[in-house]
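Student: The structure under discussion is supplied below as structure tokens; questions concerning it will follow.
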Amino acid sequence: MTKILTIIVNYRTPELAEKCLAALASERSGDAGLSAILVDGNSGDGSAERLAGFLALTGFDGWTDLLPLDFNGGFGWANNQAILSRGTDLPDYIYLLNPDAEVTPGAVASLATALDTHPRVAAVGSQLIEPDGAPAASAFRFPSPGREFVRGSQTFALHRLLGIPPIVLAPGEAGPVGWVTGASVMLRRDALAATGLFDDGFFLYFEEVELMRRLTRGGWQIWCEPQSRVRHIGGASTGVDGKQVRKPKPAYWFASRNRYFTRSGGAAYACLANLAWLSGFALIGGPRMLLSRTARANATAGETRGIIQEGIWPAARHRRASIARIGSAFGQLPRWAEDS
């Protein structure tokens with residue numbers, strides 16, 4: 001049986017997906033047990049046809065299957081579809097890799113070794129690196145109302161003053177963390193079989209956070225492996241890369257945020273997180289923006305409006321889980337689309 005199945009989800013970035021797969025191919029030369037599914041999320045721009053030609057031209061179609069979907073259901077749903085397309089015939093490890101990411105030599109093997117060595121680790125993520133080689137945020141603590149208050153205040157010195165550790169973990173040694181980015185993460189099949197796949201009530205953002213919270217509550221661990229280094233552009237498909245801080249977040253970001261807090265702690269917990277952010281902004285963040293040009297430059301436009309419009313008390317749909325299981329039917333529309 002193939003030991004590692006890589007899933008790459010493309011949405012209108014075929015040139016990046018080709019580079020991603022070419023880098024992955026060099027890893028396969030040292031491990032013929034590495035196969036891939038290249039998903040196209042109904043790009044509608046000729047991506048699927050271009051990628052089919054690329055696979056045939058390079059010979060990568062010998063170990064990579066192209067899976068064109070008829071619907072753009074988002075990151076989690078697309079990965080679920082790739083997994084469900086294999087039924088129960090799945091390898092030990094499933095490796096999720098963004099098309100705007102390129103593995104460096106040994107990156108895949110380092111993740112597999114971590115899972116081999118630590119049987120209670122459900123997911124292990126890479127250390128992402130910027131194009132210039134600088135480390136990028138890769139491992140995190142879970143969001144909380146306290147962290148939302150600090151985020152709303154836009155005064156990160158409050159982390160220390162209030163004794164609330166920041167959400168982003170500094171690069172360090174291999175070991176357990178809260179959650180890791182879905183841009184490059186290897187998952188244990190048995191853990192997914194026990195807790196389920198992605199919740200397809202999310203369109204985009206927070207879906208991997210919710211999955212890893214669920215895995216953690218199921219008794220599994222999440223690790224970061226800094227020996228696995230992956231170059232990452234970030235935001236290529238979504239246009240939201242974390243550096244365009246003045247660009248308003250899309251409405252689905254706020255929906256996913258509300259859903260995450262609701263699914264992880266209930267409706268009252270989500271309401272508390274919303275009130276915490278709004279309080280931090282009203283008491284500290286907003287006044288700072290009036291007085292400081294730097295604070296205005298670093299603020300995300302429209303976040304107050306986005307949180308209020310999405311609902312301080314979360315919608316009922318966010319209280320309903322929609323978690324596919326290995327062996328579930330392939331091709332069913334995601335919950336978020338049915339609720340729209």
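Student: Given Cα pairs under 8 Å that are at least 6 residues apart, what percent is the relative contact order of the chain?
Tutor: Across the chain, relative contact order equals 22 percent.
Student: Okay, next question. Taking the Cα centre of segment 56-198 as origin, sum charge times position over the Cβ atoms of Lys and Arg (+1) and Asp and Glu (-1), and report the length of that vector in debye to the nearest 20.
Tutor: So the dipole magnitude of segment 56-198 works out to roughly 700 debye.
Student: I need the semi-axes of the equivalent ellipsoid of segment 41-100: take the C-alpha gyration tensor, multiply each eigenvalue by 5, square-root it, list largest first in whole angstrom.
Tutor: With the √(5λ) rule applied to segment 41-100, the semi-axes are 19, 17, 10 Å.
Student: Treat segment 52-137 as a sphere of radius equal to its Kirkwood radius over Cα pairs and apply Stokes-Einstein at 25 °C in a medium of 0.890 mPa s; give the translational diffusion coefficient in µm²/s, rounded to a whole number.
Tutor: 157
Student: Return the percentage of antiparallel bridges among DSSP beta bridges fully within the chain, rounded to the nearest 5 %.
Tutor: Restricted to the chain, the bridges split so that about 45 percent are antiparallel.
Student: Can you work out the FRET efficiency for the pair residue 70 and residue 132, with r the C-beta to C-beta distance and R0 = 35 Å, to the nearest 0.05?
Tutor: Result of the calculation: an efficiency of 0.35.
Student: Could you identify which residue out of 117, 155, 181 has the top mean-square fluctuation in a GNM of the chain using Cα springs shorter than 10 Å?
Tutor: Comparing 117, 155, 181 in the GNM, the peak value goes to 117.
Student: Another question about this same structure. Contour minus end-to-end for residue 309 and residue 3, with contour as 0.36 nm per residue of separation and end-to-end as the Cα-Cα distance?
Tutor: Using 0.36 nm per residue and subtracting the Cα-Cα distance, I get 105.6 nm.
Student: In Å³ and rounded to a whole number, note down the convex hull volume per residue for the Cα atoms of the chain.
Tutor: Taking the convex hull of the Cα positions in the chain, it is 133 Å³ per residue.
Student: Please work out the ratio of the alpha-carbon Rg of segment 142-222 to 2.2 N^0.38 Å and round it to two decimals.
Tutor: Relative to the rule-of-thumb radius for its length, segment 142-222 sits at 1.24.
Student: On average over all directions, what projected area in square nanometres does segment 1-154 have, based on the convex hull of its Cα atoms?
Tutor: Value for segment 1-154: 11.6 nm².
Student: Additional query: Of the residues 305, 28, 259, which exhibits the maximal mean-square fluctuation in a Gaussian network model of the chain defined by a 10 Å Cα contact cut-off?
Tutor: 305
Student: With axes computed from alpha carbons, what is the tilt in degrees of helix 207-217 against the longest principal axis of the chain, rounded to the nearest 10 within 0 to 90?
Tutor: For helix 207-217, the angle is close to 90 degrees.
Student: Can you tell me the 0 to 90 degree angle between the C-alpha axis of helix 75-84 and the longest principal axis of the chain, rounded to 10?
Tutor: Helix 75-84 and the main axis of the chain meet at about 30 degrees.
Student: With only Lys, Arg, Asp and Glu charged, each at its Cβ (+1 for the first two, -1 for the last two), find how big the charge dipole of segment 169-238 is about the Cα centre; round to the nearest 20 debye.
Tutor: Using Cβ point charges on Lys, Arg, Asp and Glu, segment 169-238 gives about 140 debye.
Student: If you don't mind, there's one more thing I want to ask. If I build a Gaussian network model for the chain, linking alpha-carbon pairs within less than 10 angstrom, which residue out of 324, 122, 194 has the largest mean-square fluctuation?
Tutor: 194
Student: Could you state the number of Å between the C-alpha centres of segment 247-316 and segment 74-146?
Tutor: Centre-to-centre (Cα) distance: 28 Å.
Student: How far, in nm, would the chain grow between residue 118 and residue 292 when pulled straight, counting 0.36 nm per residue and subtracting the alpha carbon separation?
Tutor: 57.8 nm
Student: When averaged across all projection directions, what area in nm² does the alpha-carbon convex hull of segment 96-154 cover?
Tutor: For segment 96-154, the mean projected area of the Cα convex hull comes to 6.2 nm².
Student: For the Cα atoms of the chain, what angle does the longest principal axis make with the long axis of helix 251-265, in degrees from 0 to 90, nearest 10?
Tutor: Long axis of 251-265 versus the principal axis of the chain: about 90 degrees.
Values in this text are rule-based calculations from the coordinates and carry no lab data. Bear in mind the structure is a predicted one, so any value in this text is a computation, not a measurement. Here Cβ is always computed from backbone atoms with ideal geometry, including for glycine, and neighbour counts include all displayed protein chains.
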